[in-house]
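Student: First, the structure itself, so that you have it in front of you.
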């Protein structure tokens, strides 16, 4: 990436509780997006594909000791796509990511 390129990880709307049981355990989905703004669209798409492939290999992340959440899995529901191009030739590519966790007000 060049010095003028940017890579961002930002929250997306739509995060929600998928299900909840009577003991208070909630299964939650958090939505995020990786975005790259650059003048080299091919590089942006390639980088986002590499990030996607890496994220799909993650299956057992460690939860922080004492945390009230437990990682379940990550989904990449969309392929990297060009979402914006300005008049100077800079393009923005984006890729959505969904993170699923279990939470409880008590201890998991």
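The values are calculated or read from the model by the stated rules, or taken from the named source; none is laboratory data. Since the model is a prediction, treat every value here as computed from it, not as a measurement. Cβ sites come from the backbone with ideal geometry, for glycine too, and all protein chains shown count toward neighbours.
Student: So, of the residues in segment 1-20 that are modelled with pLDDT of 90 or more and in a loop (DSSP other than H, G, I, E, B), which turns out to be surrounded by the fewest Cβ atoms within 10 Å (Cβ to Cβ)?
Tutor: Top of the filtered list is 13.
Table: residues versus (1) assigned to a helix (DSSP H, G or I); (2) in contact (Cβ under 8 Å) with a residue 60 or more places away in the chain; (3) surrounded by 12 or more Cβ atoms within 10 Å (Cβ to Cβ); (4) in contact with a helix residue (DSSP H, G or I) (Cβ under 9 Å, 6 or more places away or on another chain).
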position: 27; (1), (2), (3), (4): no, yes, yes, no
position: 32; (1), (2), (3), (4): no, yes, yes, no
position: 45; (1), (2), (3), (4): yes, no, yes, no
position: 55; (1), (2), (3), (4): yes, no, yes, no
position: 92; (1), (2), (3), (4): no, no, yes, yes
position: 102; (1), (2), (3), (4): no, yes, yes, no
